[in-house]
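The values are calculated or read from the model by the stated rules, or taken from the named source; none is laboratory data. Values in this document were obtained by computation on a predicted structure and should not be read as measured data. Don't worry about glycine lacking a Cβ; one is built from the backbone with ideal geometry, like all the others, and counts go over all protein chains shown.
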Amino acid sequence: MTDAEIAQKLLEPRYFIERSFSIVDQSSREVPFLLNPLQSDYHANRTEKDIILKPRKAGFSSFILAEFLHACMTRMNTRAVVLSHEEGATKRLFRRVKAYLDSARLKVRVSKESESEYQFPDTKSWFYIGTAGSKSFGRGDDITHGHLSESAHYDNRDVVTNIQEALIKGAPTRLIQESTAKGAGTKFHEAWLKAINGTSNWRPHFYGWHQDPMNRIPGSKPFLLTDEERGLRDALTLDWDQLAWRRDKIANMEDPSLFPQEYPATWEEAFLAAGGMVFDWTAIKRHDDDRREAKWTGHILDKGGSIAIEPDKRGPLTVYLTPSPKARYLLVADSSQGIQGKDYSVADVYDIKTWEQVAQWRGYADPLAFSGICMRLGAYYGWALIAGENNYPGNAVLQAIAEAGYPNIWDEPEESGDELGWKTTEKSKSQFIADGRECLRDGSAKVNSVATLNEMRTFVLHDNGKMAAQQGCHDDTIITYSKATNLLKRLHIEPETRRESFREIMGFRKVGRGGAAGGVYSTGVV
């Protein structure tokens, strides 16, 4: 290559890093900084705003420091900030940057302004490395590159917002959170779930321990596997060297229960610090891979003569399959007080014959408003059978639905008294969750909701023996899903009775063909 071509190539981060920087490997040898498979994968898939969930000692901080240093050395007016979770880690990061500069084959002018900052006069750039929680994270309010190292372990995550606000608008920028997990219910966990669900602009990247080629014991012989090891081997295609490394690592950890958090195989497992998963993660993954994409998202409205779905990508209603006049539907409702930020109200709709989830309403509504939502959704799905618990506040919802004259309400035949619905007790809850676990494993009930699958990932058995969501997480859709499977099993064995068609019952006249934008059914009933 000509000098001009080489100069152009040196503007590429990977080309520069691998040819200019050195790093000390795990054998304490100084070697050229060649990206490992995890670093290489991230380099190829990085975006302007990334959140990385990783195992320990995967090398992401090393690569990101090198990438930011390359930007300071080659790009004008780079403003790079790296924050660590504690002072010791900050000092180690700063020493690593110094080692890159000392080993660099391409020398540039650089000055050490303080124990926290380097300046690059030729490019008018600076590189600040500090600790989260300090009053100042850099010089001035404008930055181009931000790296939040081990951000799950920050005492105060307000700095994440501060860094985001400091990014220069209109300029090419890079912002990265990378961390091992620190249990569920944390702000980092919330940020990760939003990224996974697509409700934030962070791009999620997960890397498991088995993707690191260093995590293996070469030449390992076959040995007798536990059920857990056998499941991991089959799900992740692990070899004997990897299985031997995992077993050895767990045996030598001071607290083996932290292995899933420190060396997760899946992102779900990374947050399991409070207890074991109730729902099988391999089954969750199968459902996630096979789930049906949403057809409509929005609100279900009473137009005073018609029921309409009004499109809104952030709306509480998700429709996966529109109603068929030949199908019968079950709607299971779980009501809350409707207070923002607390428990959700959820209505799940399932096809009684196929056991597929066809719709879900999940949002905040007080009992009276939620009763109207359930009736509209039930009417939309051919007067679906509405089932709800008669514990408070569910009893208020059922009463409102009954008083409005809704014609198809589940009354638990095994309970005495005149109350509609069912009574939830610890015993009955254990039974219908057991039904939900079974249906998830054997695939008999098809789950399409991302929210439901995510709640399954954080629904655990706690030390007190009770099954519940981890701290800071929700389990409202777990209740509606599990109760639906319990009722579907019981309804499935009953002989089907002839029901009038949707149009005959409702007096509906379909007034539009619908489509991606929404659908409307004309009625004088709801």
Step by step: first the residues of the range 358-378, then only those that are small (Gly, Ala, Ser) and touching a strand residue (DSSP E or B) at 6+ places or on another chain (Cβ under 6 Å), then the one that is nearest to residue 310 (Cα to Cα). Which residue is that? 359
Which residue is surrounded by the most Cβ atoms within 10 Å (Cβ to Cβ), if the candidates are limited to the range 465-505 and must be β-branched (Val, Ile, Thr) and at pLDDT 80 or above? 480
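Give the residue, chosen from 291, 247, that is of a type outside the set (Asp, Glu), buried (at least 17 other Cβ atoms within 10 Å of the Cβ) and out of contact with any Ser or Thr (no Cβ under 7 Å at 6 or more places or on another chain). It would help to see each step written out before you state the result.
On the way: 247 fails: buried (at least 17 other Cβ atoms within 10 Å of the Cβ).
The conditions single out 291.
Looking for something of a type in the set (Gly, Ala, Ser), assigned by TED's automatic domain parsing to the domain that holds residue 176, free of Cβ contacts under 8 Å to residues at least 60 places away in the same chain and touching a Phe, Trp or Tyr at 6+ places or on another chain (Cβ under 6 Å) - is there at least one such residue anywhere in the range 50-67? Break it down into steps so the answer makes sense when it comes.
Looking only at the range 50-67, we keep the residues that are of a type in the set (Gly, Ala, Ser), and these are 58-59, 61-62, 66.
Restricting the remaining residues to those that are assigned by TED's automatic domain parsing to the domain that holds residue 176 gives 58-59, 61-62, 66.
Next, from what is left, pick out any that are free of Cβ contacts under 8 Å to residues at least 60 places away in the same chain: 59, 62, 66.
Next cut, touching a Phe, Trp or Tyr at 6+ places or on another chain (Cβ under 6 Å) only: 66.
Within the range 50-67, one or more residues are of a type in the set (Gly, Ala, Ser), assigned by TED's automatic domain parsing to the domain that holds residue 176, free of Cβ contacts under 8 Å to residues at least 60 places away in the same chain and touching a Phe, Trp or Tyr at 6+ places or on another chain (Cβ under 6 Å).
When you scan the range 84-94, do you find a residue that is of a type in the set (A, V, I, L, M), under 25 Å from residue 25 (Cα atoms), touching a helix residue (DSSP H, G or I) at 6+ places or on another chain (Cβ under 6 Å) and at pLDDT 85 or above, even just one?
Looking only at the range 84-94, we keep the residues that are of a type in the set (A, V, I, L, M), and these are 89, 93.
Still in the list and also under 25 Å from residue 25 (Cα atoms): 89, 93.
Filter again for touching a helix residue (DSSP H, G or I) at 6+ places or on another chain (Cβ under 6 Å), leaving none.
Taking every residue of the range 84-94 in turn, none turns out to be of a type in the set (A, V, I, L, M), under 25 Å from residue 25 (Cα atoms), touching a helix residue (DSSP H, G or I) at 6+ places or on another chain (Cβ under 6 Å) and at pLDDT 85 or above.
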Across the range 408-464, the tally of residues that are part of a loop (DSSP other than H, G, I, E, B), at pLDDT 85 or above and among the β-branched types (Val, Ile, Thr) stands at 1
Residue in the range 270-279 that is farther than 24 Å from residue 430 by Cβ and surrounded by fewer than 21 Cβ atoms within 10 Å (Cβ to Cβ) present: no
Might you check whether a residue that is assigned by TED's automatic domain parsing to the domain that holds residue 153 and more than 17 Å from residue 267 (Cα to Cα) occurs anywhere in the range 176-192? yes
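Can you find a residue in the range 370-380 that is under 26 Å from residue 472 (Cα atoms) and in the same structural domain as residue 304 (by TED's automatic domain parsing)?
yes
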Flag if residue 388 is crowded, with 16+ Cβ neighbours inside 10 Å and farther than 22 Å from residue 453 by Cα: no
Look through the range 81-103, keep the residues that are more than 26 Å from residue 168 (Cβ to Cβ) and among the aliphatic types (A, V, I, L, M), and return whichever of them is nearest to the chain's Cα centre (by Cα). 89
Every pair of residues 6+ apart whose Cβ atoms lie under 7 Å, when the first sits in the range 87-106 and is over 13 Å from residue 70 (Cβ atoms) and of a type outside the set (D, E, K, R) while the second is in a helix (DSSP H, G or I) and at pLDDT 90 or above: 93/61; 93/65
Please enumerate the residues belonging to the range 365-420 that are over 22 Å from residue 488 (Cβ atoms) and among the aliphatic types (A, V, I, L, M). 365, 368, 369, 396, 400, 402, 404
Output for Cβ contacts, cut-off 6 Å, separation at least six or different chains, first residue loosely packed, with under 12 Cβ neighbours inside 10 Å and at pLDDT 65 or above in the range 132-161, second among the small types (Gly, Ala, Ser) and part of a loop (DSSP other than H, G, I, E, B), reads 155/133; 156/133
Has the range 208-215 got any residue that is among the acidic types (Asp, Glu), buried (at least 16 other Cβ atoms within 10 Å of the Cβ) and not in a helix (DSSP H, G or I)? yes
Can you find a residue that is under 17 Å from residue 479 (Cα atoms), crowded, with 23+ Cβ neighbours inside 10 Å and either modelled with pLDDT of 95 or more or of a type outside the set (Gly, Ala, Ser) (or both) anywhere in the range 395-407? yes
Within the set of pairs 6 or more residues apart or between chains, which connect a residue that is assigned by TED's automatic domain parsing to the domain that holds residue 215 inside the range 233-257 to a residue that is in a helix (DSSP H, G or I) and of a type in the set (Val, Ile, Thr) with Cβ atoms less than 6 Å apart? 235/282; 256/250
Hey, can you tell me all the residues within the range 1-23 that are loosely packed, with under 14 Cβ neighbours inside 10 Å and among the hydrophobic types (A, V, I, L, M, F, W, C)? 1, 4, 6, 7, 11
Residue 169 versus (1) closer than 27 Å to residue 474 by Cα; (2) modelled with pLDDT under 85: which is the lone unmet condition? (1)
Name every residue in the range 23-34 that is in contact (Cβ under 8 Å) with a residue 40 or more places away in the chain and over 18 Å from residue 60 (Cβ atoms), in order of residue number. 30
Sort out which residues of the range 250-269 are modelled with pLDDT of 85 or more and surrounded by 16 or more Cβ atoms within 10 Å (Cβ to Cβ), and write them in order of number. 259, 262, 263, 264, 265, 266, 267
